[in-house]
Every structure is written in structure tokens, then in C-alpha cells.
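Chemist: Structure below; questions to follow.
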Amino acid sequence: MAFAQLGLNPLVVKAVEASGYTEPTPVQVQAIPATLEGKDLLVSSQTGSGKTAAFMLPCLHRLDQPSALPGRGPRVLVLTPTRELAQQVTKAAETYGKFLKRLRIVAAVGGAPLHVQAKLLSQPVDVVVATPGRLIDHLERGRIDFSRLETLILDEADRMLDMGFIDDIEAIIARTPANRQTLLFSATLEGVVGRLAQRVTKDARRIEIMAAPAHKAKIEQRIHFADDFSHKSRLLDHLLRDVGLSQAVVFTSTKKSADDLAVQLRGEGFSAEALHGDMSQRDRNRTLQGLRLGRTRVLVATDVAARGLDVPGISHVINFDLPRQAEDYVHRIGRTGRAGREGIAISLAAHFEKRQIRDIERYTAQSIRVGVIPGLEPKARPQRPEGFGDKRRSSAPRPTGGYGKGNGNGYGSKGGYGDRKAAYGEKQSSFGEKSGYGHREGTRPGSEKRSTPAGAKRRAYGGY
């Protein structure tokens, strides 16, 4: 099937074909006609499925015709969890809409001057791509009008909820017209995402696209067990000196640990930079540009880089800290094996983290091989974690000594490093810093309620 057969505007089809795309993906085949019909949609699709074009192409199709309502506000609003994803969506909109006349697109994200965005929003605009926190800032200052809004898109809704944006999202939706069209895209449509979908959509059509098995086959996955932090650091040093490694993304659980590990690696002779939500947009752009140009060989990042980062030269992804949620593992390792290349994903795990590994294996329906590096073998014998489909509980005793109940010198008893006093929101994680989920502090993953003030949450993420 060709894009022209989906009923799209010829100018939009021309731009898509000029970008090198000839056939729509499965999610585009189903979502584009339904969007053109005016249906609300609930779409479950994975990274790389073509979901950005699935919602942007039909919206651009409509924008070729003038609005029937007066005003200067946007006709299309796209909410994304991070600045990087917002920039990616903005670039896609500009690419696919380049043949449309007088199309104006504004990105409203954190890290950029508020007054510059306010000036752009004061003029007629067709598409606004925004992170929730920064959009709330503009709304509270009366700088944006939704009176002629036609389509609201929640991109990666599950991620926005994980990051604690539920209150901001609902406040934004309350300002939009009741007769709008709503398109919700998420890796999952269950749980808190499903409950949000029920509140914000009407008679929505459900579209679920399974991940392509071929994509999984391109990434070799393995686990190396570490006895303590020093052992884990030696493993990382060995892996980064692999001659087959061109560029790597090393994921940590906190912003502080990303900074500290990047400094440590530079001291060891590696070209390494950190990336996390506390950095200004200019610094984040500079870091990503260095990665794309090959000046940076190792990017040490929090989960802010788990989605929306597309650099074909990344040959390795290394989980220095395991992700708290299994679906984040999938997004992390998806940073390698891009553009048809093969990739390697390596996780460094403590012996007490076998349950997290088991959860990842069950989520991906794949068994992950345990690797051992000669000369860097763990002192404790690594046991095969209970894999996918194995419901038996491990009879192995709880480890003691080098790690156990957090003593500030090794691992904590439940994950991370240093002292650990509670699962979330207390002192824990690597380098003895506070952390919550990913690089955000003080919020339980999946919580629908904000547990930190809005300003603090936005500063922690930089996602506004």
C-alpha cells in the first residue's frame, strides 16, 4: 500500500516520499484513516513503529485548509514527556509539512527562554509541541489560547504518567474544547494509562501493534554479575575498551551518578559526557551534537535518553544500573541496533537483583545470557535467575558481607548503592545520592499523584 491510498493530501504525500518513505507501517495503515474520520484513538505501539507519522500526517492533511474558527491559538497540540522527544516530533512536523503554505510550528519546552516562546505563541500558530510543565507555565501566564484546538495528541502517555505529569496533563486537558479529537499513544493501554484514556477520550478506537520480532534479533543481550561497586566499575572499564565498540550509552539510575561516572570515565581516558534532566537545553543539545559527530564515545545518561535518542553509531548500551521497570529496559536497549545495524546490550547486575532480571525476561519473553569475563569473574557464583515462565522462588540465601543492608560502602540490600532506607524517595542509589525512579527524585513509579511540588518536579526532570 502507498501513502497516497490512505487519503492524505498530495502535498503531504509528496513530503513523505521526499523523505524516502514509500510504504506506511502497520500502525500508520490503521491510525491515519481513523484519524481522518475524526475518531478518538488509543494506540499501543513500540518505539520505531512509525507512530509520529501516524498522528502527524493526518493532522497536517487538515491544516492545509483554513480553520473555521477565529483566533491565533494552535489547531494541533502534541504533549510529549521529554524535550528530546518534543524536538523529534517538531522536526517530523516540519519535514512532512514543508510543502504546505504558511504552516507555523512552535516547540514549548524547558531549557529554552520563556519569553522567546511567549513571543512565538502570541502570533498565529498551527501546531504546538510541548512538554507538560512548560505548557502549564504558558497557560498560567495567559499566553496560549485553545479556543480553536481541533486535535490533542498524548505521545508516550505511559512515560508522562511515570514521570508524575498526571496533574499537569489533566489541567491542560481541562482548558481544551470538549469537542476536540484526542489521540493517545502509549506502549501499554492498561492500568493508570487505561484509566486516563477513559476520562479523556470518547468512543475511542483501539489499535494495538505488536513489536516486530526482527528488531529484537538485531540486539545481542547479556548480563554480567558484579560483587560490589568496585567490581562493577572494573567490568565497565573492560567493556568500554572493547575494540568493537564504536559508541556506547551507559545508563545510570540518578543524575548525580551520571555526572560522577562521566567524570570517572574521563579520568580513565575515555571521551565521556553526561546527559540528564538538570542540564540546560543548550548543554543537552551540545552533548547530543558531540555524540552525533563522533566526538563523544561514551554517553552516560539517565532515562531521559531512553526514548527519542537516535544515533546510528551507538554499538553498545550498558545498563550500569538496572531500570526499575521492565519496559524501560526495552527502550534503553533500543538505542542500539538502529538503522538496520546490529547492537549489543549489556546489563551489570548485583546478585540480589535477580528478580528484576526475571521481570525483564518475562516482559520481553526472552532469556538473557549470563556472561563472564576471564579475570573479572564474580566471587559469588552467579546463578541463573528465574527466567520467563519459571514461577519457582529462588532458594538462594540473601547475600551478606560486601553488600547487604546498606552500609555506605557497597550495594544496598534492595538495589542501588550506599545507604538505603526506603524503596522510594529516601537516600539510596549509587554514589549515596537521593533518587526515585530514573533520574527523578521522590516519586513512586506509576503513581498518579505528584509527590513533589510542581516546580521541583519540573526542575528535576528539565521536562518543561
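Chemist: Within the stretch 35-51, is there a residue that is crowded, with 20+ Cβ neighbours inside 10 Å, in a helix (DSSP H, G or I) and in contact with a Leu (Cβ under 7 Å, 6 or more places away or on another chain)?
Modeler: Yes, the stretch 35-51 contains at least one residue that is crowded, with 20+ Cβ neighbours inside 10 Å, in a helix (DSSP H, G or I) and in contact with a Leu (Cβ under 7 Å, 6 or more places away or on another chain).
Chemist: If I filter the stretch 278-292 for residues that are surrounded by fewer than 16 Cβ atoms within 10 Å (Cβ to Cβ) and under 18 Å from ILE346 (Cβ atoms), do I get at least one hit?
Modeler: The answer is no, given that none of the residues of the stretch 278-292 is surrounded by fewer than 16 Cβ atoms within 10 Å (Cβ to Cβ) and under 18 Å from ILE346 (Cβ atoms).
Chemist: Within the stretch 106-119, track down each residue that is surrounded by fewer than 22 Cβ atoms within 10 Å (Cβ to Cβ) and under 25 Å from LEU183 (Cα atoms).
Modeler: VAL106
Chemist: Just to be sure I understand, how many residues within the stretch 279-298 are at pLDDT below 85 and not basic (Lys, Arg)?
Modeler: 3
Chemist: Okay, next question. Could you identify the single residue in SER44, SER67 that is polar (S, T, N, Q) and under 30 Å from LEU161 (Cβ atoms)?
Modeler: Answer to the check: SER44.
Chemist: Turning to a different aspect of this structure: Mind listing whichever residues of the stretch 259-283 are in contact (Cβ under 8 Å) with a residue 24 or more places away in the chain and either within 17 Å of ARG134 (Cα to Cα) or part of a loop (DSSP other than H, G, I, E, B) (or both)?
Modeler: Passing the criteria: GLU268, PHE270, SER271, HIS276, GLY277, ASP278, MET279, SER280, GLN281, ARG282.
Chemist: Taking the condition within 26 Å of THR188 (Cα to Cα), in a strand (DSSP E or B), modelled with pLDDT of 95 or more and not charged (D, E, K, R), does VAL317 pass?
Modeler: Yes: the conditions hold for VAL317.
Chemist: Give me the helices (runs of 4 or more DSSP H) completely within the stretch 105-173, filtered to those with at least 3 residues that are farther than 22 Å from ALA305 by Cα, ordered by residue number.
Modeler: Values: elements: 114-121, 132-140, 157-162.
The helices (runs of 4 or more DSSP H) meeting that bar are 114-121, 132-140.
Chemist: Does the stretch 236-243 contain any residue that is basic (Lys, Arg) and surrounded by fewer than 18 Cβ atoms within 10 Å (Cβ to Cβ)?
Modeler: Looking through the stretch 236-243, at least one residue is basic (Lys, Arg) and surrounded by fewer than 18 Cβ atoms within 10 Å (Cβ to Cβ).
Chemist: Look through the stretch 333-372, keep the residues that are modelled with pLDDT of 90 or more and among the small types (Gly, Ala, Ser), and return whichever of them is farthest from GLY50 (Cα to Cα).
Modeler: Filtering first and then ranking leaves ALA350.
The values are calculated or read from the model by the stated rules, or taken from the named source; none is laboratory data. On a predicted model such as this, the values are computed, not experimentally measured, just so you know. Virtual Cβ from ideal backbone geometry, glycine too; neighbours counted across all protein chains shown.
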